Amino acid sequence: MTPPDPQSDSENHSAGTPVATSAKAEQANTGQTKAGQSSPASSSGGLAVAATVLALAALIAAAYGLWQLQGLQSLPAKLQSDVGRVERLRSDVERVQDSLSAQTQANAAALADMQVALAEAVAATADADMQIDALGKRVTEFTGDDAARRNSFLRSEALYYLRIANARVLLAHDPSTGASALQLADEKLLETGDPALTPVRAKLSEELIALRAIPQVDVPGISFRLQSLAAQVSDWPLSNPVPESFKAGLPGVADDPGGDAWSRLKDTVTSVFRSIVSIRESDVAPDVQLSAAQQALVIESVRAELQLARLTLISGNTQMYAQSLQRVVAQIPLYFDQQSSAVQAALTTLNELQTIEMPGELPDVSGSLQLLLAAENQSVGGGTQQ
């Protein structure tokens, strides 16, 4: 910018008062002179700031353009990856659709099979209902609606239960099952309501009371315990087993080879003569040294006694059962180590078995059976005569 000319300015205002004009002209000249001196410095500073701002703006614009350019350059790769992801998603969707379609078809086939099976089950149920109805009719025809046929059927059932009771008591020595069978027979006779069977029921009541008076014994449990003891006999340690090796030597003779030959000979002869006669007082029974064959014989003997006790218990021979247990208890202290825990446990078990009260001779339950058979024969004979 060019500063205003003072001369032109004074000429423009020459038409005014001379004194005022000249004073104002001098002040204006003085101010313009000062302004002309300071404006070059401030103008150069403003240009520098403007140039800096423009440079920063240009740098930012260039960086932004470069960033946009890099984004545009990477755009094809991103588009390509997006296209691949879209293709994979499309293939996954198609695969899921195929799987759903196959599952739908399978479910439809299974549903059809279930419908067929349900129809067959309904038909089978209908057939079963018809068969049940036919069976009910046949049972009704067999038993009959009249009292005579019904009582005949009930007496046959009672006779069957009485035969079972006699078989269990006489053959199996099982009073518990025999009492249950007698109870069922009495219920069938009661259901008949026939006063002619009163003697049979009276005898049956006596037999039932006699069976219930017999102590109940867990025969299978005792049998299992005896079988376990018999299997463990070979594991019981013996009281005086055969040593694995023997060492020769004389009592009282030292094994030290020191000394002269004459001293050793004198000691040996003295020990021999002293051991010829030996008198000792002892209350303990001498231990019997058994050979390997004798030990095996003892083990098998104890095992056989346990098995015999088991068999006699099952057969109902309580006397032989008690004798077998006594023989086993007597043999164990003679041949087996009583300090062993296994032997002590076996003795404890045997003592417990000996304390169990065993049933004596079982009562005769055949009287009611004979009376019912006689009543049946009389009924058949009376019907034949009629």
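Take Ala158 and tell me if it is part of a helix (DSSP H, G or I), more than 16 Å from Glu376 (Cα to Cα) and either outside the structural domain of Arg310 (by TED's automatic domain parsing) or free of Cβ contacts under 8 Å to residues at least 24 places away in the same chain (or both).
no
Which of the residues that make up the stretch 164-186 are under 39 Å from the mean Cα position of the chain (by Cα), in a helix (DSSP H, G or I) and touching a residue at least 40 places away in the same chain (Cβ under 8 Å)?
Answer for the stretch 164-186, where residues must be under 39 Å from the mean Cα position of the chain (by Cα), in a helix (DSSP H, G or I) and touching a residue at least 40 places away in the same chain (Cβ under 8 Å): Pro175, Ser176, Gly178.
Could you run through the stretch 318-356 and say how many residues are polar (S, T, N, Q), at pLDDT 90 or above and over 12 Å from Trp236 (Cβ atoms)?
Qualifying residue count for the region: 8.
Being over 35 Å from the mean Cα position of the chain (by Cα) and among the β-branched types (Val, Ile, Thr) is the filter here; which residues of the stretch 323-367 pass it?
Residues satisfying the conditions are Val328, Val329, Ile332, Thr355, Ile356, Val365.
The values are calculated or read from the model by the stated rules, or taken from the named source; none is laboratory data. Predicted model, so just to flag it, every value in this text is computed and none were measured. Cβ: placed from backbone, ideal geometry, glycine included. Neighbour counts: every protein chain shown.
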